[in-house]
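> Take a look at this one; I'll ask things after.
The values are calculated or read from the model by the stated rules, or taken from the named source; none is laboratory data. Quantities reported herein were computed from a predicted structural model and do not represent experimental measurements. Note that each Cβ is placed from the backbone with ideal geometry, even for glycine, and that neighbours are counted across all protein chains shown. All accessible areas refer to the heavy atoms of the entire protein, side chains included, with ligands and DNA or RNA removed. Shrake-Rupley method; radii C 1.70, N 1.55, O 1.52, S 1.80 Å.
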Amino acid sequence: MKILLSNDDGYQSPGLAALHEALRPLADVMVIAPEQNCSAASNSLTLWRPLSVLRSGNGFYYVNGTPTDSVHVALTGMLDAKPDLVVSGINNGENMGEDTLYSGTVAAATEGVMFGIPAIAFSLVDKDWAHLADAARVAAEIVAHFLAHPLAGNPLLNVNIPNRPYDELHEWRITRLGKRHPSQPVVAQTNPRGEPIYWIGPAGGARDASEGTDFHAVSQGHVAITPLQLDLTHQAMLPALREWLGAGHRA
Ligand code: MN
């Protein structure tokens, strides 16, 4: 078994090291990750300059680019054979609801799916790494379950793990994405030259955290596993849109 492991927090992140350690007994794991923290990089590719790939003392490859760059370069330029699975994480903080659209953690996994390789993104709820080893243990269990029972249909799984001791984690739940309120307002400041600067504000709180969502499962102490798809087509709007076109002057 071959696993390609990446993240968006950068190759020096404790979450990456912990996940690597936990996955090593399961497979041959190659690690390639961004040099810098690229959280919220989404699916961006670097097209206007070349990318350097260097190897750190612990064997991890690091790229002066994005999570998507990292996985892309490995899949199209470095690996002789396709890995069996692309894994991303463990992210420093949750990726639920609309977070998945901004997330570089999910994006690294998405890049695997783009090339027909199943992928799993792991995120630890909260940012203090308090129970990282416990989360890595759960992540390895999920990967082991996946390798033993492969899923058809080019799966992209988004996993959020509550930040609590292993023994206090409840069973895995299959979930759908919840929804957030829009982000909080920017934080406005003034730079030393008297010009306005803005920090993007924190993500909004949960708006749909109803039963069945990732938000709900995690709040109850469950590990939330949400299957994602890349097709953004709004299927339910297609009939209304056809009608809208029919009513128009170009019909
Ligand atoms: Mn991150």
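> Just one of Ser88, Ser44, Ser70 is polar (S, T, N, Q) and assigned to a loop (DSSP other than H, G, I, E, B); which is it?
From the options Ser88, Ser44, Ser70, the qualifying one is Ser44.
> Something else about it: Could you count how many residues in segment 84-109 are open to solvent by less than 10 Å² (accessible area, probe 1.4 Å) and away from the ligand (no atom under 14 Å from the Cβ)?
4
> Could I ask something else about it? Would segment 208-217 turn up any residue that is in a loop (DSSP other than H, G, I, E, B), free of Cβ contacts under 8 Å to residues at least 60 places away in the same chain and open to solvent by less than 40 Å² (accessible area, probe 1.4 Å)?
Yes, segment 208-217 contains at least one residue that is in a loop (DSSP other than H, G, I, E, B), free of Cβ contacts under 8 Å to residues at least 60 places away in the same chain and open to solvent by less than 40 Å² (accessible area, probe 1.4 Å).
> Turning to a different aspect of this structure: Would you be able to say whether some residue in segment 219-233 is aliphatic (A, V, I, L, M) and open to solvent by 70 Å² or more (accessible area, probe 1.4 Å)? Can you show your working first?
Initial filter on segment 219-233 (aliphatic (A, V, I, L, M)): 223-225, 228, 230, 232.
Among the residues that remain, those that are also open to solvent by 70 Å² or more (accessible area, probe 1.4 Å) are: 230, 232.
So far as segment 219-233 goes, yes, one or more of its residues are aliphatic (A, V, I, L, M) and open to solvent by 70 Å² or more (accessible area, probe 1.4 Å).
> Test Ala203 against the criterion of being in contact with a Lys or Arg (Cβ under 7 Å, 6 or more places away or on another chain) and either of a type in the set (Asp, Glu) or modelled with pLDDT under 95 (or both), and give yes or no.
On the way: in contact with a Lys or Arg (Cβ under 7 Å, 6 or more places away or on another chain): yes; either of a type in the set (Asp, Glu) or modelled with pLDDT under 95 (or both): yes.
Yes: the conditions hold for Ala203.
> What number of residues within segment 1-17 are within 16 Å of the ligand (Cβ to nearest atom) and open to solvent by 20 Å² or more (accessible area, probe 1.4 Å)?
Step one: filter segment 1-17 for residues within 16 Å of the ligand (Cβ to nearest atom), giving 5-17.
Now narrow it down to the ones that are open to solvent by 20 Å² or more (accessible area, probe 1.4 Å): 9, 11-12, 14, 17.
Summing the residues that are within 16 Å of the ligand (Cβ to nearest atom) and open to solvent by 20 Å² or more (accessible area, probe 1.4 Å) in segment 1-17 gives 5.
> Of the residues Thr105, Thr76, which single one is assigned to a helix (DSSP H, G or I), over 19 Å from the mean Cα position of the chain (by Cα) and of a type in the set (S, T, N, Q)?
Working: Thr105 fails: over 19 Å from the mean Cα position of the chain (by Cα).
Residue meeting the stated conditions: Thr76.
> Here is a list: Ala152, Ala251, Ala188. Which entry is surrounded by fewer than 12 Cβ atoms within 10 Å (Cβ to Cβ) and modelled with pLDDT under 95?
Working: Ala152 fails: modelled with pLDDT under 95; Ala188 fails: modelled with pLDDT under 95.
After ruling out the rest, the residue left standing is Ala251.
> Still on this model: Can you pull out the residues in segment 26-81 that are open to solvent by 50 Å² or more (accessible area, probe 1.4 Å), within 16 Å of the ligand (Cβ to nearest atom) and touching a strand residue (DSSP E or B) at 6+ places or on another chain (Cβ under 8 Å)?
Glu35, Ser39
> Now for a different question. Among the numbered conditions (1) in contact with a helix residue (DSSP H, G or I) (Cβ under 7 Å, 6 or more places away or on another chain); (2) in contact (Cβ under 8 Å) with a residue 40 or more places away in the chain; (3) surrounded by 16 or more Cβ atoms within 10 Å (Cβ to Cβ), tell me where Ala133 comes up short.
Failed condition: (3).
> Does any residue in segment 162-178 that is under 23 Å from Pro227 (Cβ atoms) come within less than 7 Å, Cβ to Cβ, of a residue that is among the aromatic types (Phe, Trp, Tyr) six or more places away or on a different chain, and which pairs are these?
The qualifying pairs are Gly178/Phe215.
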